[in-house]
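Below: one structure, written as structure tokens.
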Amino acid sequence: MSQIEQDVRKAMDTMYILLRNVEACLSNANHKRESNRRVRFNYPTRQTEKKLFAKDLGLFTLELADIVRNLGLALSELSNLFVRDPPLVQGTEQYTQAKLMIQVNK
């Protein structure tokens, strides 16, 4: 395998790791996990093929599009919280939920 092929494979691994962590972030937000209980990853969900083709980038792009759509929905929910700007009292359930939403989306 040439150096260029190795570099492309490493970049694809990195993209899948980042994608996996964005997906985990969304899952953490959906399950309203405290920061110390959040799941994080340092490895991709699948082994990258030794030889990559345009099709592989296309499949990655499809996964990315799906996750970006879900991320957009989560950010929209966060934006809605800021626009409404409800009075939050520390220690209440509403305060805790708002705090989790902000922490997960930062």
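Describe numerically, in nm with one decimal, the distance between label points set 7 Å from Cα along Cα→Cβ at E5 and at V22.
Computed distance between label sites E5 and V22 equals 2.9 nm.
How do 85-96, 70-81, 16-27 rank on mean C-beta neighbours within 10 Å, highest first?
16-27, 70-81, 85-96
Taking Cα centroids, how far is segment 1-26 from segment 37-94 in Å?
Each part reduced to its Cα centre gives a spacing of 16 Å.
Spelling out what I want: for every residue of segment 24-35, take phi, set θ = phi - 60°, compute 6.51 cos²θ - 1.76 cosθ + 1.60 (Karplus), and round to whole Hz; glycine and proline get x.
Result, rounded to whole Hz: 5, 4, 5, 5, 4, 5, 5, 9, 6, 7, 5, 4.
Enumerate the whole-percent occupancy of each 10 Å bin, from 0 to the last occupied one, for all C-alpha pair distances of segment 1-68.
19, 45, 25, 10, 1
Using the Karplus equation 6.51 cos²θ - 1.76 cosθ + 1.60 (θ = phi - 60°), what ³J(HN,Hα) coupling, rounded to whole Hz, does each residue of segment 73-90 give in order, writing x for Gly and Pro?
Running phi through 6.51 cos²θ - 1.76 cosθ + 1.60 with θ = phi - 60° gives 5, 5, 5, 5, 4, 5, 4, 4, 4, 5, 5, 5, 6, x, x, 10, 9, 3 Hz.
Every read-out reported here was derived from the displayed coordinates using simple, explicitly stated rules and does not represent laboratory data. A quick note: this is a predicted structure, and the numbers were derived from the prediction, not measured. Here Cβ is always computed from backbone atoms with ideal geometry, including for glycine, and neighbour counts include all displayed protein chains.
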